[in-house]
Amino acid sequence: MAADIQTIGVVGAGQMGGGIAHVCALAGFNVVLNDLAPDRIKQALATINGNMAKQVAKKTITEEDRKAGLSRIKAGEKYDDLAACDLVIESAIEKEEAKRKIFSDLCASLKPEAIIATNTSSISITRLASSTDRPERFIGIHFMNPVPLMELVEVIRGIATDDATFESSKVFVRKLGKQIAVSEDFPAFIVNRILLPMINEAIYTLYEGVGNVEAIDTAMRLGAHHPMGPLELADFIGLDTCLSVMQVLHEGLADSKYRPCPLLVKYVEAGWLGRKTKRGFYDYRGDKPVPTR
C-alpha cells in the first residue's frame, strides 16, 4: 500500500529522471538513480546539487534540506541495484521499443510487490504494461519539465492497473507536493494532446511563411500571455520529443490534423533538436539565442 512506498528507483538519468530524483529526495524518499551510462548519473547528481543550491539561494528550501536530500540519492548502475525499491519510475527516451526492453529486462530484478511507473509523455500505458510481468501494478506517472518547478503530474491507468496501484500512486504524487490530473489512456494524455498540436501549428505557421520565429513567439507571449513562445518552448522540450509525440498522436488517432509539420521533421533530421544540441528554432551558440529562420 501507499504507506509502504519509501524507496524510489528512477531509470534514466537525463533531464526528467534527474528532476524526478530531485523532488523525491526532497520529499523524504530514498532514491536509487539508474542509467546505462555511469557518466550520466554523475552529471545528473551534479545538476541536482546545482538546482538544489538555487532553491537554497531563493529560500524555497534550507541548506539542511539540500544536504539531507542529496544524501538520500544513490547511484545504481545495474537493475539489481533497484531490488529494494517499492516504486520504480522509468524516464528513458520517448521510444516505445526502448521502453519495452527496459521493462522486460527490469522485472527480474524487482520484488514482486514493487510498482512500475512510466514517465512517458504520449505512449499507451496498456501497451507498455504488457511488456512487464505485473500489468496490474503498472501505471503512468507523467511529470512536467522542469520537474522541480512544475506543479502538475498526470496519473494514467492502463486497462489492467488495479485500484491499489492507482491509490498508492496518487498518495505518492501528493507527498511530492504536486497536483494530480487523472487522464484516460489515450495518445499523449491531456497536456501533450493539447500542447503539442499547438506547437506543431506554430511550426506550420513558420513553414508557410505567415510569420518568422520572432514574430510567432512574440505574438503568443504578448497576445496570449504564454510565458514562453511555442517555438522557444519546442526548443526547450527537444524537437525530437515534439516529433515523437506528434507521431504517436497521428498514428494513434489517425487524424490528419495531427500530421507532424515537414519543417519539424527536417530540423530533427538535421540534428537541430533545440537547446540540448545548441540549435533548433534558435541558435544557442552565442551570448543570446538568435532565430534560425
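A few notes on this one:
- The numbered conditions (1) outside any helix (DSSP H, G or I); (2) more than 23 Å from Lys78 (Cα to Cα) are all true for Ile141 except (2).
- All conditions but one from (1) buried (at least 24 other Cβ atoms within 10 Å of the Cβ); (2) over 19 Å from Gln15 (Cα atoms) apply to Leu239; the one that does not is (2).
- Qualifying residues in the stretch 200-255 (those that are of a type in the set (Gly, Ala, Ser) and assigned to a helix (DSSP H, G or I)) - the one farthest from Phe189 (Cα to Cα): Ala215
- Checking each residue in the stretch 267-285 for being touching a residue at least 40 places away in the same chain (Cβ under 8 Å) and among the hydrophobic types (A, V, I, L, M, F, W, C) picks out only Phe281.
- None of Ser121, Ser168, Ser131 is under 26 Å from Thr7 (Cα atoms) and under 19 Å from the mean Cα position of the chain (by Cα) except Ser121.
- Residue among Leu263, Leu233 that is under 20 Å from the mean Cα position of the chain (by Cα) and not assigned by TED's automatic domain parsing to the domain that holds Met144: Leu233
- The lone criterion from (1) in contact with a Leu (Cβ under 6 Å, 6 or more places away or on another chain); (2) of a type in the set (Ser, Thr, Tyr); (3) loosely packed, with under 15 Cβ neighbours inside 10 Å left unmet by Thr218 is number (1).
- Within the stretch 121-166, the set of residues being in contact with an Asp or Glu (Cβ under 8 Å, 6 or more places away or on another chain), surrounded by fewer than 18 Cβ atoms within 10 Å (Cβ to Cβ) and not aliphatic (A, V, I, L, M) comprises Thr126, Arg127, Glu136, Asp162.
- Residues within the stretch 9-35 that are farther than 21 Å from Thr277 by Cα and out of contact with any Cys (no Cβ under 8 Å at 6 or more places or on another chain), tallied: 14
- Applying the condition of being modelled with pLDDT of 95 or more and surrounded by fewer than 18 Cβ atoms within 10 Å (Cβ to Cβ) to the stretch 78-95 and asking which residue is nearest to Phe29 (Cα to Cα) yields Ala84.
- Pairs where the first residue, in the stretch 155-167, is in the same structural domain as Glu113 (by TED's automatic domain parsing) and the second is aromatic (Phe, Trp, Tyr) and in a helix (DSSP H, G or I), C-beta under 8 Å, 6+ apart: Val155/Phe166; Arg157/Phe166
- Conditions (1) touching a residue at least 40 places away in the same chain (Cβ under 8 Å); (2) surrounded by fewer than 19 Cβ atoms within 10 Å (Cβ to Cβ); (3) aromatic (Phe, Trp, Tyr); number of the one not met by Phe172: (2)
The values are calculated or read from the model by the stated rules, or taken from the named source; none is laboratory data. Owing to the predicted nature of the structure, the values given are computational and were not obtained by experimental measurement. A quick note on method: Cβ atoms are made from the backbone with ideal geometry, for glycine too, and the neighbour counts reach across all protein chains shown.
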